[in-house]
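As structure tokens, the structure follows; a few thoughts come after it.
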Amino acid sequence: MEKQGKKLNKRGKAFCVYYANSNDMVQSAINAGYKKSPYEKAQVLCSRSDVADEIARIISNRKKIMSNMTFVQYEKLAFGSIADAVSLLYMDSPSKEELKNMDMSCVSEIKKLKDGAMEIKFFDRNKALEKLCGVCENEESRTSGLVDALRLGAQNLSCDEGDTSGV
């Protein structure tokens, strides 16, 4: 890959964002403002290592954000209140404004039955807890894997220092 000495300009950064979102280099070049020869410009941009690094950084950040958002949503499912959903059962005809202000994130399904009764199904809290535990274990194993690698590297270094037969 070709490395350009200059920093990415606004259009170059915009190209990176559009490309990270769509994976379509020509349309990304057009959206970023490269109207003249967008295919050629996209090829030049994609051959630059700073552009590739920026795209990788954007995608990596997005993955971290999505992971955090997922964790928060599982927490909400596992520990969130069902008070709004229960109060909905006792309302005769709630207004749109009342409904808008209710937290229904724990509700998976609402049915109004023929006799006028309402049926509300909630997401499974146990499954949400299992997912949360899995996320926590994943984080712990990644961290412990790093610590183990550092320990192994330190042990190898200390063994090499004691070895007088080598270099």
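Scanning segment 10-26 for residues being open to solvent by less than 80 Å² (accessible area, probe 1.4 Å) and of a type outside the set (Val, Ile, Thr) gives a total of 9. Scanning segment 93-121 for residues that are within 27 Å of the chain's Cα centre (by Cα) and part of a strand (DSSP E or B) yields Val107, Ser108, Glu109.
Checking the stated criteria, Lys41 turns out not to satisfy the condition of being open to solvent by 80 Å² or more (accessible area, probe 1.4 Å) and in a helix (DSSP H, G or I).
The values are calculated or read from the model by the stated rules, or taken from the named source; none is laboratory data. What you see is a predicted model; the values in this text were computed from it and never measured. We work out accessible area using only protein heavy atoms, side chains counted, and drop any ligands, DNA or RNA first. Shrake-Rupley method; radii C 1.70, N 1.55, O 1.52, S 1.80 Å.
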